[in-house]
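Trainee: Handing you this structure, nothing more for now.
What follows is calculated from the coordinates using simple rules that are stated; it is not laboratory data. What you are looking at is a predicted structure, and each value in this text was computed from that prediction instead of being measured. Note that we place each Cβ from the backbone using ideal geometry, even for glycine, and neighbour counts take in every protein chain shown.
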Amino acid sequence: MLNEMKYVYAVYQERSFSKAAKKLYISQPALSNMVKKAEKEMGAPIFDRSTIPLTVTKAGSYYIKSIEKILFVERNMKAYFRDIEQLQAGSLSLGGSSYFCSFVFPELIGKFRTKYPNIEIDLLEANIKELKEGLDKESLDLIIETALDGEDISIEKYFYKKEWIILVVPKNFSVNLKLQPYRLTRQDIVTEAFLRPEVDPVPLCEFRNTPFIAMKPGNDMYKRGTKMCFNSGFAMKAAIQVDQVLTSVNIASNGIGAVFVRSDIVRCLPADDRLVYYKLGDPLAVRNVSFALKKGRYVTYAMREFMRMAGIKLKQKETEGIG
């Protein structure tokens, strides 16, 4: 029964009997007979064979969703017993944005590999959409991100740390002259002295006529930056839109525009006297960084240990590997 389901699922994934047969290393007639047998047992067709590529029928859609649930349970079961047997072996697939892959994961991976050198680690740098897809398809075990929807019931989140968003402005912009009392140094950011209550946030409304370097729509920083400007009574004027935060800071250094960035990135980059920094007072300037995995996924030994070494305190049920 389970083998039949896997054959049917392969046809669904490939949208073709011939491609699925090639993938499974069996003949097309044999695969077709296996699918027909499943359809006979179900009492309804699974695939609409009149379409190219193949599509599923209404009954077939229910059948496929059921297969996915069964395969998910099977993978969890295998992972559990593999975990018991191979505590010093296995793999760990991690994902994050360019910032986390460049500046956060390397140190964590270094610590982890020192203690568990036999566990293979794969690291994917991607956007939030690709990261969530990776969790859903289980090509990724863990991701670390800020833009994780609190209402997304398909993922399980584990709080890692808070981070603060600041405003970085080219030093030669005239708007800086009247904002002298609010200007911060790189040292203020690196030491987190700017978080002290006595340090006043800049009136963001003063930048209503300032060009901005914006992240592209869909990015959490774009959403927050746009909203913070709106909350201050103006629409952000984007001089240029970019994909990566590192790119935005480099462009700001060349006098193109102001940019919203996470404060932690300042300590990761070389000192640049062409930039000045400002604290922001909007509640949106604070956000959580979290690890996340697919809800219901078996939490392997490697996943648990990696999060523990990152300082995450897992609940009892997670330490037992129950998702």
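Trainee: Under a cut-off of 15 Å between alpha-carbon atoms, report the aspartates and glutamates in cross-link reach of LYS132, not counting same-chain residues fewer than 8 places apart.
Mentor: The reachable aspartates and glutamates, counting only those whose Cα sits under 15 Å from LYS132, are ASP141, GLU145, ASP149, GLU151, ASP152, GLU156, ASP220.
Trainee: Looking at the chain as a GNM with Cα springs under 10 Å, which of MET221, MET42, MET236 has the largest mean-square fluctuation?
Mentor: Per the Cα network of the chain with a 10 Å cutoff, MET42 tops the list.
Trainee: Okay, moving on. Setting aside same-chain residues fewer than 8 positions from LYS279, which aspartates and glutamates have a Cα under 14 Å from its Cα?
Mentor: Filter leaves GLU163, ASP188, GLU192, GLU198, ASP200, GLU206, ASP264.
Trainee: Count charges around THR191 for me, please; just the other residues with Cβ under 15 Å from its Cβ, Lys/Arg as +1, Asp/Glu as -1.
Mentor: Within the 15 Å Cβ shell, the charges total 0.
Trainee: Say the dipole of the chain comes from +1 at the beta carbon of Lys and Arg and -1 at that of Asp and Glu; which of PHE306, VAL8, THR51 then lies farthest toward its positive end?
Mentor: The one lying farthest along the dipole's positive direction is THR51.
Trainee: Report the Stokes-Einstein translational diffusion coefficient (µm² s⁻¹, integer) for the chain, Rh taken as the Kirkwood radius over Cα pairs, at 25 °C with viscosity 0.890 mPa s.
Mentor: Numbers: Rh = 23.0 Å.
Rounded, D is 107 µm²/s.
Trainee: Per residue of the chain, what 222 nm ellipticity follows from adding -39500 (n - 2.57) for every DSSP H run with n ≥ 4, rounded to the nearest 500? The partial results should precede the final answer.
Mentor: Numbers: 12 runs with 129 residues, N = 323.
Calculated from helices alone, the mean residue ellipticity at 222 nm is -12000 deg cm²/dmol.
Trainee: With a 10 Å cut-off between alpha carbons and a GNM built on the chain, which of ASN33, ASN209, ASN250 moves the most?
Mentor: ASN33
Trainee: Next question. Cβ under 9 Å from PRO201's Cβ, PRO201 left aside: what net charge do those residues give with Lys, Arg +1 and Asp, Glu -1? Write down the numbers at each step before the final one.
Mentor: Details: positive: LYS279; negative: ASP200, ASP282.
Once all neighbours under 9 Å are counted, the net charge is -1.
Trainee: Given the options TYR62, TYR80, TYR99, state which has the largest fluctuation in a GNM of the chain using a 10 Å cut-off (strictly under) for Cα springs.
Mentor: Evaluated over the chain, the most mobile residue of the options is TYR62.
Trainee: Which net charge results when you count Lys and Arg as +1 and Asp and Glu as -1 among the other residues whose beta-carbon is under 14 Å from that of GLN241? Walk me through the numbers on the way to the answer.
Mentor: Working: positive: LYS216, LYS223, LYS237; negative: ASP243.
Net of charged neighbours comes to +2.
Trainee: Also, quick follow-up: Which order results if ILE265, ILE144 are arranged by neighbouring Cβ count within 10 Å, fewest first? Display every interim value, and only then the final one.
Mentor: Working: ILE265 19, ILE144 25.
Listing ILE265, ILE144 from fewest to most nearby Cβ atoms yields ILE265, ILE144.
Trainee: Then there is this: Enumerate the lysines that LYS58 could reach by cross-link, defined here as Cα to Cα under 24 Å, with residues fewer than 8 away along the same chain left out.
Mentor: Partners within reach: LYS6, LYS19, LYS36, LYS37, LYS40, LYS69, LYS137.
Trainee: What is the Cα centroid distance between region 27-79 and region 227-244, reported in whole angstrom?
Mentor: If we compute the Cα centre of each part, the gap is 48 Å.
Trainee: Just to be sure I understand: of the beta bridges DSSP finds with both ends in the chain, what percent are antiparallel, rounded to 5? Show your work: numbers first, answer last.
Mentor: Numbers: 23 of 39 bridges.
Approximately 60 percent, going by the DSSP bridge assignments.
Trainee: Still on this structure, I have one more. By how many degrees, between 0 and 90 and to the nearest 10, does the Cα long axis of helix 105-115 differ from the longest principal axis of the chain?
Mentor: 60
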